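Below you'll find the structure, written out as structure tokens, and then a few comments.
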Ligand SMILES: *Cc1c(COP(=O)(O)O)cnc(C)c1O
């Protein structure tokens, strides 16, 4: 059976009429860059995230960069984050002129290990940027306590965790700011590029609105330098429609994750993903860990199962970050995960048969890769 890694056509098929109508409304109103459709989506998304303010921007990368800029972070500052993430997390820090300082992740949840913060903090540390990797939130209580004790901000990278919860709190609602991506493949995806920052700080939201529109508070009056990070009207209209289906789709992902766990109950526990206590996972990526990835993946390919690797090279070992001087061995958990991760198909439209076909191929592939 063929099981694609992702199937965006199937994802949009049931809502095509509704989505086309939303796009036609934007065309009729000719409100393409920022404007009323963006404002409406911001209201709905803030409500969904249980935060007072949401600010729509051009991408998840914009969201991270603007949140850091709005907090005044720049050259000479340090921001603590993790090396097991998409590079945008660290890139946004670097683009402000600040320096990313990495701490290793937990071996079970793959999110920031708060026990490592004490070793990484310096008088230059201005913020902690945990990443809610694969759909589950980092262990926020100790991270927030540490930040409060040191008088520094927490910015959540929630690009993979729309709707996730930690002790009942939504992703993005616990930190000073929460940053989201609506890249098409994310749990909530646009028809192109888009992102948002959520916050409970009204002044911060206002600074973000100025920065995302060339630093202007009034048309053609620029108090500060910003950039063009506006959200498109069409993306906002599409997202407003898709947001109504997010809870249901996250629930379907949860059902699929439970089904995977049931049918893979025979494989060693450490292979399968785990959910930390007090967390509601939204299963953006279903990564398992295998000892011999090349043999494993070639068997899955042979069986027609699509898979991916998130992420094969941890950020501290990327060529772009050679100047930071990190070596292999600096962050052993992230490095081991990068060598072992394989992401299985995970999206709301997966069928029972498809999950069982994937599970069977996984079991065969594990036998083969252990035997060779
Ligand atoms: C997708 C992603 C981003 C970047 O978002 P874009 O919308 O692609 O700019 C940042 N951080 C993480 C963890 C992501 O998965």
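Values computed for the structure shown
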| quantity | calculated |
| --- | --- |
| Nearest-0.05 FRET efficiency for residue 115 and residue 352, computed from C-beta distance (R0 41 Å) | 0.55 |
| Of every Cα-Cα pair in the chain, the percent that sits beyond 31 Å | 36 |
| Convex hull projection area averaged over all views, region 21-141, Cα basis, nm² | 9.3 |
| Helix-only mean residue ellipticity at 222 nm for the chain, each DSSP H run of n ≥ 4 adding -39500 (n - 2.57), per residue, nearest 500 | -12000 deg cm²/dmol |
| Whole-Å distance, taken between Cα centres, linking region 1-56 and region 339-372 | 31 |
| Full-stretch length increase - residue 5, residue 294 - with 0.36 nm per residue and alpha-carbon distance subtracted | 102.3 nm |
| Pairwise label distance in nanometres, residue 43 with residue 241, each label 7 Å out on the Cα-Cβ vector | 2.0 |
| Region 246-371: radius of gyration and largest Cα-Cα distance (Dmax), Å | 15.8, 48 |
| Rg to Rh quotient for region 184-295, alpha carbon positions, Kirkwood Rh | 1.15 |
| Neighbour-count order for 9, 242, 186, fewest beta carbons within 10 angstrom listed first | 9, 186, 242 |
| Semi-axes of the equivalent ellipsoid for region 225-271, Cα gyration tensor, largest first, Å | 38, 17, 6 |
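Only the coordinates and a few stated rules stand behind these numbers; no lab work does. Remember, it's a predicted structure, so these values are computed and weren't measured experimentally. In this analysis, Cβ positions are derived from the backbone assuming ideal geometry, glycine residues included, and neighbour counts consider all displayed protein chains.
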